[in-house]
Amino acid sequence: MNTSFREIQINTTKRRELIDVTQELLMAVQESGIKNGICVVYSLHSTSAIIINEPERGLMEDLLTKVEEDFPRGRDWLHNRIDDNADSHLAGAFMGPSMVIPVRDGSLCLGTWQSVFFLELDGPRIGRRVVIEILGE
Ligand code: ZN
């Protein structure tokens, strides 16, 4: 089995924002030379998430609205006593920092309406770090 590891850095411009990283992942798979296996995409931050969904403008806004509804910033969260971003941690914890995508015939197994997003939950930030690890043959 072979492995290929890389890290990408993402700059975000809003507090909550979806950044499409599908092309970076496809490039990483191609450059790895690995034809069949898995691709792990993993964010190194506790106030972000990795999600897979459709890159449609309205839906991307809906996703951010749903995060706002489920994890309101203004609530009296305990973490806000020492920081002001409990809502960001909670949303990140429930959505999770990673996704695993099958690699087949040198490309990602993604459906027609699936893209991979880095979800910023406490931006804007410079240099958000996302690891891409590909394992296979
Ligand atoms: Zn915090």
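Among the candidates ARG75, ARG104, which residue alone is modelled with pLDDT of 95 or more and of a type outside the set (A, V, I, L, M, F, W, C)?
Every option except ARG104 fails the conditions.
For segment 86-101, enumerate the residues that are within 11 Å of the ligand (Cβ to nearest atom) and either of a type in the set (Lys, Arg) or under 15 Å from SER43 (Cβ atoms) (or both).
SER88, HIS89, GLY92
Could you list all residues from segment 40-58 that are open to solvent by less than 50 Å² (accessible area, probe 1.4 Å) and outside any strand (DSSP E or B)?
Listed by number, the residues that qualify are HIS45, THR47, GLY58.
What residue, of GLY92, GLY37, GLY33, is open to solvent by less than 50 Å² (accessible area, probe 1.4 Å), over 26 Å from ASN2 (Cα atoms), small (Gly, Ala, Ser) and modelled with pLDDT of 95 or more?
Every option except GLY92 fails the conditions.
Being within 16 Å of the ligand (Cβ to nearest atom) and in contact with a Ser or Thr (Cβ under 6 Å, 6 or more places away or on another chain) narrows it down to one of ARG125, ARG81, ARG75, so name that one.
It is ARG125.
State whether one or more residues within segment 48-58 are touching a residue at least 40 places away in the same chain (Cβ under 8 Å), within 30 Å of ASN2 (Cα to Cα) and within 16 Å of the ligand (Cβ to nearest atom).
yes
Testing VAL21 on (1) of a type in the set (A, V, I, L, M); (2) closer than 15 Å to GLU120 by Cα; (3) open to solvent by 40 Å² or more (accessible area, probe 1.4 Å), one condition comes back false. Which one is that?
Of (1) of a type in the set (A, V, I, L, M); (2) closer than 15 Å to GLU120 by Cα; (3) open to solvent by 40 Å² or more (accessible area, probe 1.4 Å), only one is false for VAL21: (3).
Do you know which residues across segment 15-34 are in a loop (DSSP other than H, G, I, E, B) and in contact with a helix residue (DSSP H, G or I) (Cβ under 9 Å, 6 or more places away or on another chain)?
ARG15, ARG16
Okay, residues lined up against (1) in a loop (DSSP other than H, G, I, E, B); (2) in contact (Cβ under 8 Å) with a residue 60 or more places away in the chain; (3) not polar (S, T, N, Q):
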| position | (1), (2), (3) |
| --- | --- |
| MET60 | no, no, yes |
| LEU64 | no, no, yes |
| GLY74 | yes, no, yes |
| ASP87 | no, no, yes |
| ILE101 | no, yes, yes |
| THR112 | yes, no, no |
| VAL131 | no, yes, yes |
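The values are calculated or read from the model by the stated rules, or taken from the named source; none is laboratory data. As the structure is a computational prediction, the values presented were derived from the model and not from experiment. Neighbour counts run over all protein chains shown; Cβ positions are idealised from the backbone, glycine included. The area values use the complete protein model at the heavy-atom level, side chains included, leaving out ligands, DNA and RNA. Shrake-Rupley method; radii C 1.70, N 1.55, O 1.52, S 1.80 Å.
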